Every structure is written in C-alpha cells, then in structure tokens.
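Scroll down for the structure; my scribbles are underneath it.
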Amino acid sequence: MSLHGWPVEGDEDKKMLMEQVSAFASEVVAPKAKHHDETGEFPASHVKQMAEMGLMGMMVSEEFGGAGLDAVAYAMCMEEISAACASTGVIMSVNNSLVCWPIDEFGTSDQKKKWLTPLARGEKLGCFALSEPSAGSDPGGLKTVATKVDGGYKIRGTKNFITNGKEADTAIVFASTDPTKGHKGVTAFLVDTKSKGFSVSKLEDKLGITASSTAQLFLDDVFVPADAKLGEDGQGLKIALATLDGGRIGIAAQALGIGRCALEAAKKFASDREQFGAPISKLQAIQFHVADMATRMQSARLLVWNAARLKDSGVRFSKEAAMAKLAASEAAMWVATKAIQVHGGYGYTKEYVVERNFRDAKITEIYEGTSEIQRIVIAAQEFAELKG
Ligand code: CAA
C-alpha cells in the first residue's frame with residue numbers, strides 16, 4: 001500500500017484509521033464497483049459498513065453521533081473510498097459535507113439532536129437540494145418558494161440533479177421566503193422526505209457514478225414546521241455557499257481517488273503489456289506519461305490537504321477549496337484520458353477499469369460548482385486580496 005505522503009506522522013490513531021479504511025476500500029468496496037457501475041444498484045451494504053466505521057459523519061462531534069475527526073482525515077478517507085468506487089464516494093461526500101456540516105454549523109442544539117445525530121451515525125441519509133432546472137451555477141436565482149402558514153411554512157418548487165435524492169431521509173431544501181429580496185430572501189429548511197407532497201419526479205440516466213442517484217425532486221406544498229428552519233430568514237444562500245466550500249474539498253478528494261485508480265491501472269498494464277519484445281513500461285513515451293500523471297495527482301493532492309488544513313484551522317478557505325477542486329478534477333480527467341491512451345485499444349473496452357474512471361472523472365469538473373465557477377471564486381478572491 002502506497003501512503004501517498006499521508007500527513008499522519010506521529011498520529012497513530014489517524015494512521016490506523018487510514019489503514020482500516022484503505023483495506024475496507026480495496027477488499028470490500030472495489031471488488032463490487034464494476035457490478036454497481038453496470039447495474040446502477042445503490043451500494044447499500046457498503047454505506048451501512050461505512051456508517052459502522054464512522055465514515056458518514058466524520059467531522060461531527062461524538063456528542064452528535066459523529067467520529068469527531070478533522071477535514072484532513074475526511075479528505076484522505078474520501079480518496080480511499082473513491083479510488084475503489086466513485087459512486088460510493090459521492091454518497092459519503094454529500095452526507096458528510098453537504099448535509100451533516102451545515103446542520104452542525106448552523107443548527108440549534110435541538111436540531112442537532114433530532115436531525116444531525118441519525119445522519120452522522122449513518123442511520124439516515126441526507127441530500128442537499130439547492131439546484132433547480134433554471135438555477136444551477138446561479139443558485140441565487142432559485143424559484144422554489146416557502147410561504148408562511150400557521151405553525152411553519154409550505155414549500156413549493158422543483159429541485160434538480162440532487163445526489164442521494166432517491167434514498168435520502170432528510171433533505172436540506174433552499175427556498176425563497178421573500179422573492180422580492182432576490183438572493184437575500186433565500187432560507188434553508190430541514191425537510192423529512194416522507195412528508196406529504198415530497199416526491200422524486202425524475203431519476204437521471206448518467207454517463208458515470210451510476211450507482212449514486214441523481215434525482216429531480218418535486219415539493220408540492222410540503223409543510224415544514226417553524227422549528228425546522230435552518231439558520232435565519234434570508235441566510236440561506238450564505239449557508240449554501242459556505243457549505244459548498246467544504247463540499248468542494250470532498251469532491252476534490254473524490255477526484256483524487258478516481259485519478260489514482262486510473263494511474264495505478266495504467267502502471268500495472270504498462271508493466272504487463274509487451275510490445276516490441278519488452279514491457280511497454282520500458283518505453284520512455286510511457287514513462288513520461290506516468291511521470292506526468294503522478295505529478296499532476298500529487299500536486300492536486302497537496303492542494304486538497306492544504307484546503308482541508310485551513311478548514312480545520314477555522315479560517316476562510318473558499319479560494320483554496322476552489323483551487324483544490326479545480327486542480328483535482330481536471331487532473332483526474334486528464335489522468336483518466338492518459339490512462340486509456342497507455343492501455344491502447346484495451347482501455348476503450350469495459351474490461352478495464354480506466355473506462356469507468358474516464359466516465360466517473362467528468363462529473364467532478366461539473367458538480368458542486370463547475371471548473372468555470374471555481375475560476376470565478378479564485379479570481380474574485382485574488383483581486384479582493386489586491387485591493388487589500
Ligand atoms: N461563504 C459564505 N458566504 C458567501 C460565500 C461563501 N463561500 N460566497 C459568497 N457568499 C455571500 C456573499 O458575501 C454575498 O452576501 P451579501 O449578499 O450579504 O453580500 C452572497 O453570498 C452572494 O455572494 P455573491 O454576490 O458573490 O454571489 P454571486 O451570485 O455572484 O455568485 C458564485 C457567486 C461563486 C457564482 C456562487 O453562486 C457559486 O458558487 N455558484 C455555484 C453553485 C454550485 O456550486 N452549485 C452546485 C450545487 S450542489 C450540487 O452540485 C448537487 C449535488 O447534490 C452534489
């Protein structure tokens with residue numbers, strides 16, 4: 001097992017955790033990944049075992065059912081799981097970063113007891129319902145409305161491309177409580193997906209990460225009690241964007257896992273495959289591909305760990321998370337493409353894992369903010385720093 005320079009020196013607990021997670025990923029998750037990719041079957045038993053290992057609420061304190069670990073450990077575990085199965089990785093990432101984190105950060109103590117604890121224990125699964133058919137990169141333009149009624153709110157609208165949308169027990173739903181205020185009218189709500197009027201209106205048929213659901217959700221005047229409002233009226237967009245900062249570390253780590261799987265496969269193939277009387281790994285053309293792939297992966301990995309380290313230290317890390325996601329997702333896509341090239345015609349067939357890596361890598365350049373959005377976030381911060 002390669003440690004990829006894991007920053008665990010002197011921390012025996014973290015080293016032991018990483019060894020356990022790595023063994024679980026390669027011995028339990030990876031052997032079933034092809035089956036999950038081909039059938040689109042939700043990896044329920046893996047999610048259950050991940051819950052038992054504390055992987056579904058990694059950064060939540062033990063008081064509220066979590067593992068009480070830091071974002072660096074989370075990023076390292078995400079990479080391990082995603083190197084085995086990218087679908088399983090995103091299921092874990094959404095529950096940790098997009099659902100548990102905002103409840104932990106913005107929820108009341110009662111909300112943490114009621115909503116966060118079962119999610120962090122992995123007894124329940126969550127989804128993050130921000131995007132809409134006409135509000136993707138611009139979530140401030142969302143159309144879902146929450147109207148005040150006796151004892152709470154009624155929410156009406158459609159949410160699009162929601163990871164875990166089919167299986168989730170809890171949804172964090174963003175809706176406008178005051179459409180006249182634009183993005184300052186957006187408010188966040190904790191919604192039980194079994195509520196009357198809540199339904200899955202469409203399931204997407206996707207290029208990759210086929211074993212994680214991507215759903216369109218319809219909320220037909222769903223009643224939400226007043227005590228299920230997360231944060232204050234009008235604070236919703238800030239909650240969503242702050243949450244996505246952490247989410248981007250998770251997706252960046254997922255991309256590292258996908259790219260690493262492709263790189264390992266390319267090295268193995270190149271060592272086994274003989275042409276011109278010798279393994280193709282002896283050819284400098286192949287060696288240069290492998291050197292570039294390994295360098296891009298490790299550069300991205302250090303950006304991911306840096307963003308996670310900043311998150312753990314409590315300072316704003318929006319720019320660094322955007323850099324990590326931009327670099328890791330583009331590295332994963334590039335590495336997966338090169339890995340197919342190293343495999344030649346074999347890499348274009350479903351017999352080799354690099355074909356799946358190529359399909360899975362693409363989404364990491366799109367969800368939780370496209371590469372173009374990451375560049376906007378980075379550039380805005382760079383110019384803000386210039387102004388001082
Ligand atoms: N943390 C906290 N607050 C933030 C913030 C952050 N990282 N970034 C911005 N804000 C605040 C701003 O301070 C501003 O507050 P005020 O109105 O009080 O000044 C407010 O939020 C709006 O900020 P901007 O004016 O900068 O917003 P904008 O409309 O120009 O958009 C953006 C900025 C970077 C484009 C942002 O909208 C963005 O990140 N878009 C991409 C959204 C995205 O990632 N969507 C994916 C959805 S989830 C998903 O993929 C599905 C899934 O299930 C995995």
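The values are calculated or read from the model by the stated rules, or taken from the named source; none is laboratory data. Not measured: the values here are computed from a predicted model. Glycine gets a Cβ as well: all are built from the backbone with ideal geometry, and neighbour counts include every protein chain shown. These area figures cover heavy atoms from the full protein model, side chains too; ligands, DNA and RNA do not enter into them. Shrake-Rupley method; radii C 1.70, N 1.55, O 1.52, S 1.80 Å.
At a glance:
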item: Equivalent ellipsoid semi-axes, segment 126-237, via Cα gyration tensor eigenvalues times 5, rooted, Å; result: 23, 16, 11
item: Simple spin-label estimate for Asp110 and Phe288 in nanometres, 7 Å along Cα-Cβ; result: 6.6
item: Ordering of 6-18, 154-166 by burial proxy (mean other Cβ atoms within 10 Å per residue, highest first); result: 154-166, 6-18
item: Rg and Dmax [Cα atoms of the chain; Å; Rg one decimal, Dmax integer]; result: 20.9, 79
item: Centre separation in Å (Cα based) which lies between segment 38-106 and segment 226-275; result: 11
item: Packing rank of 179-191, 319-331, where each peptide gets the mean count of other beta carbons within 10 Å, highest leading; result: 319-331, 179-191
item: Alpha carbon Rg of segment 295-378, scaled by the compact-globule rule 2.2 N^0.38 Å; result: 1.24
item: Reduced Cα scattering model of segment 191-235, Debye log10 I(q)/I(0), q = 0.18, 0.27, 0.33 Å⁻¹; result: -0.71, -0.96, -1.14
item: Under Karplus coefficients 6.51, -1.76 and 1.60, residue-wise ³J(HN,Hα) of segment 147-157 in Hz, glycine/proline x; result: 9, 5, 9, 3, x, x, 9, 10, 9, 9, x
item: 10 Å binning of all Cα-Cα separations within segment 81-178, expressed as whole percents from 0 upward; result: 15, 40, 37, 7, 1
item: Overall dimensions of segment 3-120 as given by Cα atoms, namely Rg and Dmax in Å; result: 14.4, 42
item: Label-point separation, Thr337 to Glu123 (7 Å along Cα→Cβ), nm; result: 4.7
item: ³J(HN,Hα), Karplus 6.51/-1.76/1.60, whole Hz, each residue of segment 268-273, x for Gly, Pro; result: 5, 4, 5, 6, 8, 7
item: Segment 67-218: antiparallel DSSP beta bridges as a percent of all, rounded to 5; result: 80
item: Debye-sum result for segment 227-288 in log10 I(q)/I(0), which assumes one identical scatterer on each alpha carbon, at q = 0.13, 0.17, 0.28 Å⁻¹; result: -0.57, -0.72, -1.06
item: Interchain or long-range residues, amide H under 5 Å from Thr163's placed H; result: Phe128, Ala215
item: Viscosity 1.306 mPa s, 10 °C: Kirkwood-radius Stokes-Einstein D of segment 234-336 over Cα pairs, µm²/s; result: 106
item: Segment 294-343 - Rg over Rh from alpha carbon coordinates, Kirkwood radius; result: 1.12
item: The chain - percent of accessible surface contributed by carbon and sulfur, probe 1.4 Å; result: 54
item: Whole-Hz couplings from phi, Karplus 6.51/-1.76/1.60, listed for segment 181-197; x for Gly and Pro; result: 9, x, 5, 7, x, 7, 10, 9, 9, 9, 10, 7, 5, 8, 4, 4, x
item: Charge dipole (the chain, unit charges on Cβ, about Cα centre) - positive-most of Val290, Met333, Ile81; result: Met333
